[in-house]
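Got a structure for you, questions after.
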Amino acid sequence: MPGTLYIVATPIGNLEDITYRAIRILREADLIAAEDTRHSRKLLAHYGISRPLTSYFDHNKTLKGDYILDRLREGLSVALISDAGTPCISDPGYQLVRDAVEAQIPVVPVPGACAAIAALSAAGLPTDAFVFEGFLPNRRSRRREKLAAVAGERRVLIFYESPNRLADTLLDLFELYGDRQAVVARELTKIHEEFARGTISTLRERFQKGTVRGEVVLLVMPAEEAAPAEGPAVADLLLRYIETEGLSVKDAVRRVALETGSPRSEVYDEALRMKQER
């Protein structure tokens, strides 16, 4: 019989952010696969856990994935952990889980801390529906493209961001989204935990001064429901961007959808209709 792959959530800050079950699984596992073994040894030492460790991270996931799968096929139990929070959620692990499932190896979640959910629970924004976008791209052009793609979302948006790029990202949000309400959650469950709430512009003014420390979860209010744009307005904008400014149909559709609040699919249909008529 194959062993079991356990997906074990670990603390995101405070070392007490771990379940009794997670500690038991880590103590019983034949092998612990960690994103950074140096970091994980501190957690394991805190709880008096001494088990064989191997690394598993983005740059060695193919080689180590095969090694871990072989151990599982031999009947050993493996606990997968990341540096903080739940593995596979903007952390390594998806490929290993996928391959284990394909190999009919049992995969068992051991739930616990997750920065996105922890931030949402205390942010004071609607919690009935949300979109988690993970880490934003480093390059500004790609970051703005990703932000523009979800600008019309009617659900709370959740992003992970580096403290070094926070002020720049808040500027991008202000230019693309306007001055919506937002929350910056920083240093979650640590001594200097902070929830900064306000408009995007006030948050940018606050965080562009001085050095921002700690990993950041950024939450943004949903877009307000826009009045449906009339056909001629959409058509006129498309005509201007495509024929006058020389944009591609794809870029023109993206810009018109953003400016009018119309669903991108409807704007694209209008672009196709215009093309067929001409």
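In region 256-270, which residues are more than 11 Å from A151 (Cβ to Cβ) and either of a type in the set (D, E, K, R) or in a helix (DSSP H, G or I) (or both)?
V256, T260, S265, E266, V267, Y268, D269, E270
One residue is enough: does region 79-97 have a residue meeting the conditions closer than 30 Å to T169 by Cα and in a helix (DSSP H, G or I)?
yes
Sort out which residues of region 56-80 are touching a Ser or Thr at 6+ places or on another chain (Cβ under 8 Å) and closer than 10 Å to P92 by Cβ, and write them in order of number.
K64
Also, I was wondering about something else. What single numbered condition from (1) among the aliphatic types (A, V, I, L, M); (2) closer than 26 Å to A252 by Cβ; (3) crowded, with 16+ Cβ neighbours inside 10 Å fails to hold for A149?
The single condition A149 does not satisfy is (3).
Out of the residues in region 149-181 that are part of a helix (DSSP H, G or I) and of a type in the set (A, V, I, L, M, F, W, C), state the one that is farthest from T199 (Cα to Cα).
Restricting to residues being part of a helix (DSSP H, G or I) and of a type in the set (A, V, I, L, M, F, W, C), the top hit is A149.
Any residue in region 23-50 that's in contact (Cβ under 8 Å) with a residue 24 or more places away in the chain: show its pairings with residues that are surrounded by 18 or more Cβ atoms within 10 Å (Cβ to Cβ) and aromatic (F, W, Y) at Cβ separation under 8 Å, as long as the two are six or more apart or on different chains.
I25/Y6; A29/Y6; A33/Y56; A34/Y56; E35/Y56
Considering only residues that are part of a loop (DSSP other than H, G, I, E, B) and polar (S, T, N, Q), which ones fall in region 35-54?
Listed by number, the list holds a single entry, S50.
Quickly run through region 90-138 and pick out the residues that are touching a helix residue (DSSP H, G or I) at 6+ places or on another chain (Cβ under 8 Å), over 20 Å from A29 (Cβ atoms) and hydrophobic (A, V, I, L, M, F, W, C).
F130, F132, L136
Just to verify a result, which residue in region 86-99, among those that are of a type in the set (S, T, N, Q) and surrounded by fewer than 18 Cβ atoms within 10 Å (Cβ to Cβ), is nearest to the chain's Cα centre (by Cα)?
S90
Another question, if that's okay. Go through E133, E102, E74 for me and flag whichever is free of Cβ contacts under 8 Å to residues at least 40 places away in the same chain and more than 22 Å from the chain's Cα centre (by Cα).
Of E133, E102, E74, the one residue that is free of Cβ contacts under 8 Å to residues at least 40 places away in the same chain and more than 22 Å from the chain's Cα centre (by Cα) is E102.
Further question: For the list (1) buried (at least 19 other Cβ atoms within 10 Å of the Cβ); (2) over 25 Å from A129 (Cβ atoms); (3) over 24 Å from the mean Cα position of the chain (by Cα), I need the number of the one condition that R273 fails.
(1)
Search region 249-263 for residues that are closer than 12 Å to A233 by Cα and not assigned by TED's automatic domain parsing to the domain that holds R154 and pair each with any residue that is of a type in the set (V, I, T) and crowded, with 19+ Cβ neighbours inside 10 Å when their beta-carbon atoms are under 8 Å apart and the residues are at least 6 apart or on different chains.
V256/V234; V256/V267; A257/V267; T260/V234; T260/V267; S262/V234; S262/V256
Right, next: With respect to L188, determine if the residue is assigned by TED's automatic domain parsing to the domain that holds F130 and part of a loop (DSSP other than H, G, I, E, B).
Answer is yes for this residue.
Please tell me if A116 is more than 18 Å from F174 (Cβ to Cβ), of a type outside the set (S, T, Y), at pLDDT 95 or above and crowded, with 16+ Cβ neighbours inside 10 Å.
yes
Only one residue in E194, E187 is within 22 Å of K209 (Cα to Cα) and over 17 Å from the mean Cα position of the chain (by Cα), so which one is that?
Selected residue: E194, the only one of E194, E187 that is within 22 Å of K209 (Cα to Cα) and over 17 Å from the mean Cα position of the chain (by Cα).
Would you confirm whether any residue within region 255-269 is polar (S, T, N, Q) and modelled with pLDDT of 85 or more?
No, because not a single residue in region 255-269 is polar (S, T, N, Q) and modelled with pLDDT of 85 or more.
Follow-up. Is it true that L237 is more than 24 Å from the chain's Cα centre (by Cα), surrounded by 14 or more Cβ atoms within 10 Å (Cβ to Cβ) and in a helix (DSSP H, G or I)?
For L237, the condition - more than 24 Å from the chain's Cα centre (by Cα), surrounded by 14 or more Cβ atoms within 10 Å (Cβ to Cβ) and in a helix (DSSP H, G or I) - is met.
If S90 meets every condition in (1) touching a Phe, Trp or Tyr at 6+ places or on another chain (Cβ under 8 Å); (2) modelled with pLDDT of 95 or more apart from one, which number is that one?
(2)
The values are calculated or read from the model by the stated rules, or taken from the named source; none is laboratory data. This is a predicted model, so every value here is computed, not measured. Glycine also receives a Cβ, built like all others from the backbone with ideal geometry; neighbour counts cover every protein chain displayed.
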